[in-house]
Amino acid sequence: MRVITLLNEKGGVGKTTLSTHIAAGLAIRGHRVALVDADPQGHATFMMGADKAPGLYDLLVREAPYRDVMRVVQPEQYSNEPDTITGSLFLIPANVEVRTIPMNTSNVMVAQERLRELEGTIDVVVIDTSPTPSLLHAMIYLASDSIIYPTKLELLSFDGLLESLKHRQMIQGQRQQMGMAPLEVMGIVPVMYRSKTVVHNHNLEALKERFGTSVWPAIQQRTIWTEAANERQLVFTYQPESAASKDAWDLVKRIEGAMAQWSEKAG
C-alpha cells in the first residue's frame, strides 16, 4: 500500500481537483483506492457526492472502526462506464471538526497507525489537505510515503510550495529517528498553466531549473475544470473525451507508473 498526499500551503492551487481525479482514475484502472479528505472544507467529500461528515475526526480521535467512517463511492459518481470498473473507491469524509484533530489527540503517529490498518485491503491512499499548516499536517507527513505538490505558476503559490518543502524537510529527521523511509517528493505539478503568457512560461522554466525532473508536465488552464466542478462532477464523467480529461489521465498514468516501480523495488 502506498500513501500519497496532495499538499501546498497555499489555497486555490488545485489540490482537491487533483486528489479526486487521481483517486477516481486509479480506481477506474483497477486499483483499490481510499480517498481521505483531511480538509475542514470537505470539498473532496462534496465532489464525491457525499455529505460532509466527521469521518477523519472519528477515525483518529474517537478511534472509530473503518466500517463506521468509510463510505463506498459508487462508480456512477466518477466514471461514465460504471459497469466496466474493476477497482474500487472509498471515501473517508471530512467536515469542520477536522481542524480540531490536533487539539484532541496527543499521538502524532495516529494517522500513520490507523492508515496502516488498511494494508492488504487498499492499494493506494490519496489524501487531500488544507492549505493551513497545522499539527495535522505533521501527522499526515508522518503517515505519507510520497507527496505531490500542485502549484500555480505564480509567486504566492511558489511561496506556499517552498514553505511546504521546508516542512517536509523538517519532518525527515523525525522519520529517520523512527526508522521510517524518507518522505519522497513524488512530483511537482504546475496547474492552471496559460501557455500564451510570458510570466507563466518564465516561471515554468524557473521551476524546472530549480527542481529538474521533479517537475511534471504542466496542466493547462481550461474552463471545463470549472464547469465540471460546478456540476459536482469530475471531467471523467462531465466530458470524458475532452483535453482536460486527457490531462487528468496523463497524470493518473504517471502515478500508476511510479506505483509499478515501487512494487518492483519492494519485490
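Spot the failing condition for Glu113; the list is (1) touching a residue at least 60 places away in the same chain (Cβ under 8 Å); (2) more than 23 Å from Trp249 (Cα to Cα); (3) not in a loop (DSSP other than H, G, I, E, B), and only one is missed. Failing condition for Glu113: (1).
If you take the residues of the range 42-57 that are within 15 Å of Ala111 (Cβ to Cβ) and in contact with a strand residue (DSSP E or B) (Cβ under 9 Å, 6 or more places away or on another chain), which of them is surrounded by the fewest Cβ atoms within 10 Å (Cβ to Cβ)? Looking at the filtered set, the residue picked out is Gly55. Taking the numbered list (1) in contact with a Ser or Thr (Cβ under 6 Å, 6 or more places away or on another chain); (2) more than 21 Å from Tyr57 (Cα to Cα); (3) of a type in the set (Gly, Ala, Ser) in turn, Ser146 passes all entries but (1). With respect to the conditions (1) out of contact with any helix residue (DSSP H, G or I) (no Cβ under 6 Å at 6 or more places or on another chain); (2) under 24 Å from Ser245 (Cα atoms), Ile188 falls short on a single one, namely (1).
Please work out if Ala64 is crowded, with 21+ Cβ neighbours inside 10 Å, of a type in the set (Gly, Ala, Ser) and either free of Cβ contacts under 8 Å to residues at least 12 places away in the same chain or touching a strand residue (DSSP E or B) at 6+ places or on another chain (Cβ under 6 Å) (or both). Spelling it out, it is not the case that Ala64 is crowded, with 21+ Cβ neighbours inside 10 Å, of a type in the set (Gly, Ala, Ser) and either free of Cβ contacts under 8 Å to residues at least 12 places away in the same chain or touching a strand residue (DSSP E or B) at 6+ places or on another chain (Cβ under 6 Å) (or both). Checking each residue in the range 116-152 for being part of a loop (DSSP other than H, G, I, E, B), in contact (Cβ under 8 Å) with a residue 40 or more places away in the chain and on the phi < 0 side of the Ramachandran plot picks out Thr121, Asp123, Ser130, Pro131, Thr132, Pro133, Ser144, Asp145.
Does the range 96-106 include one or more residues that are touching a strand residue (DSSP E or B) at 6+ places or on another chain (Cβ under 8 Å) and in contact (Cβ under 8 Å) with a residue 40 or more places away in the chain? Full working, then the answer.
If we filter the range 96-106 for residues that are touching a strand residue (DSSP E or B) at 6+ places or on another chain (Cβ under 8 Å), which is where we start, we get 98.
Retained after the next criterion (residues that are in contact (Cβ under 8 Å) with a residue 40 or more places away in the chain): 98.
Among the residues of the range 96-106, at least one is touching a strand residue (DSSP E or B) at 6+ places or on another chain (Cβ under 8 Å) and in contact (Cβ under 8 Å) with a residue 40 or more places away in the chain, which makes the answer yes.
The set of residues in the range 215-267 being among the small types (Gly, Ala, Ser), more than 15 Å from His21 (Cβ to Cβ) and at pLDDT 95 or above consists of Ala218 alone. Which numbered condition trips up Met186, out of (1) in a helix (DSSP H, G or I); (2) aliphatic (A, V, I, L, M); (3) under 20 Å from the mean Cα position of the chain (by Cα)? So Met186 meets the others, but not (1).
From (1) touching a Phe, Trp or Tyr at 6+ places or on another chain (Cβ under 6 Å); (2) among the hydrophobic types (A, V, I, L, M, F, W, C); (3) farther than 16 Å from Phe211 by Cα, pick out the condition that doesn't hold for Leu142. That leaves (1) as the condition not met. When Gly25 is tested against the conditions (1) within 21 Å of Val185 (Cα to Cα); (2) surrounded by fewer than 21 Cβ atoms within 10 Å (Cβ to Cβ), the lone failure is (2).
A quick yes/no check of all residues on (1) charged (D, E, K, R); (2) over 19 Å from Ile140 (Cβ atoms); (3) touching a Ser or Thr at 6+ places or on another chain (Cβ under 8 Å):
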position: Arg2; (1), (2), (3): yes, no, yes
position: Leu6; (1), (2), (3): no, no, yes
position: Leu18; (1), (2), (3): no, no, no
position: Ala23; (1), (2), (3): no, no, no
position: Gly30; (1), (2), (3): no, yes, yes
position: Ala38; (1), (2), (3): no, no, yes
position: Ala44; (1), (2), (3): no, no, yes
position: Leu60; (1), (2), (3): no, no, yes
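Cβ separations smaller than 6 Å between residues 6+ apart or across chains give the following pairs from the range 158-180 residues that are assigned to a helix (DSSP H, G or I) to residues that are among the acidic types (Asp, Glu): Gly160/Glu9; Glu163/Glu9; Ser164/Glu9. When the residues of the range 75-121 are filtered to those that are crowded, with 20+ Cβ neighbours inside 10 Å and hydroxyl-bearing (Ser, Thr, Tyr), the one that is farthest from Ala44 (Cα to Cα) is Ser79.
The values are calculated or read from the model by the stated rules, or taken from the named source; none is laboratory data. What you see is a predicted model; the values in this text were computed from it and never measured. FYI the Cβ positions are ideal-geometry reconstructions off the backbone, even for glycines, and counts take in every protein chain you see.
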